[in-house]
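Just below is one structure, and these are the notes that go with it.
The values are calculated or read from the model by the stated rules, or taken from the named source; none is laboratory data. From a predicted model like this one, the values you see are computed outputs, not experimental measurements. So basically every Cβ, Gly included, is an ideal-geometry build from the backbone, and we count neighbours across all protein chains shown.
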Amino acid sequence: MIFIVGAKVVNILFQSIFAPIRERKKISHSPPSFPTTIPMILYNTTFVLAPQTQQAFLTFMREVYLPALYADSLVQHPRLHSIVPHEEHPEALSYALHFYAEGEVHLQDILSNTGLRLADLLTKQFGEAVLGFSTIMHVVD
């Protein structure tokens with residue numbers, strides 16, 4: 001299945017990234033498949049970090065951030081990816097975190113609750129050493 005995605009860049013800092021921590025859900029490692037009647041949204045946050053924060057950032061993501069997303073029943077298929085740096089800037093460190101939400105209402109719930117808590121924790125932990133921007137994408141086809 002091929003998805004064509006339309007994108008809108010939002011949220012240059014971390015004022016909205018995810019939802020309340022609810023009952024723990026099973027971690028799914030299979031690729032997402034969605035019924036065509038549900039308007040799925042892909043939410044992506046790209047993090048750019050100072051080189052000295054890489055190990056602490058990855059530990060934080062694995063021990064705090066991702067478990068909180070997996071625990072949120074509205075968040076579907078969260079994934080963290082490393083971004084290959086451009087040849088001109090091989091020292092640049094970037095990671096992309098994405099998940100799916102079942103429509104705008106669920107996404108707003110996610111962003112208003114867990115997202116705000118996680119953004120606050122991330123900012124307290126790293127300050128300006130980790131910056132991010134988020135993109136909302138709708139499946140077109």
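Identify, by number, the condition in (1) within 13 Å of the chain's Cα centre (by Cα); (2) within 15 Å of Ile136 (Cα to Cα) that Gln108 doesn't meet.
Evaluating Gln108 over (1) within 13 Å of the chain's Cα centre (by Cα); (2) within 15 Å of Ile136 (Cα to Cα) leaves (1) as the failure.
Is it true that Ser73 is of a type in the set (Ser, Thr, Tyr), surrounded by fewer than 20 Cβ atoms within 10 Å (Cβ to Cβ), more than 16 Å from Thr135 (Cα to Cα) and touching an Asp or Glu at 6+ places or on another chain (Cβ under 8 Å)?
Against the criterion (of a type in the set (Ser, Thr, Tyr), surrounded by fewer than 20 Cβ atoms within 10 Å (Cβ to Cβ), more than 16 Å from Thr135 (Cα to Cα) and touching an Asp or Glu at 6+ places or on another chain (Cβ under 8 Å)), Ser73 qualifies.
Residues are listed down the side, and each one gets a yes or a no for (1) small (Gly, Ala, Ser); (2) modelled with pLDDT under 90; (3) farther than 20 Å from Pro39 by Cβ; (4) part of a strand (DSSP E or B):
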{"position": "Leu74", "(1), (2), (3), (4)": "no, no, no, no"}
{"position": "His81", "(1), (2), (3), (4)": "no, no, yes, yes"}
{"position": "Pro85", "(1), (2), (3), (4)": "no, yes, yes, no"}
{"position": "Leu97", "(1), (2), (3), (4)": "no, no, yes, yes"}
{"position": "Ala101", "(1), (2), (3), (4)": "yes, no, no, yes"}
{"position": "Asp109", "(1), (2), (3), (4)": "no, no, no, no"}
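Among the residues of segment 111-133, which ones are among the small types (Gly, Ala, Ser), farther than 18 Å from Pro67 by Cβ and part of a helix (DSSP H, G or I)?
Answer for segment 111-133, where residues must be among the small types (Gly, Ala, Ser), farther than 18 Å from Pro67 by Cβ and part of a helix (DSSP H, G or I): Ser112, Gly127, Ala129.
Of all residues in segment 89-141, count the ones that are among the hydroxyl-bearing types (Ser, Thr, Tyr) and farther than 17 Å from Ala56 by Cβ.
So the answer is 5.
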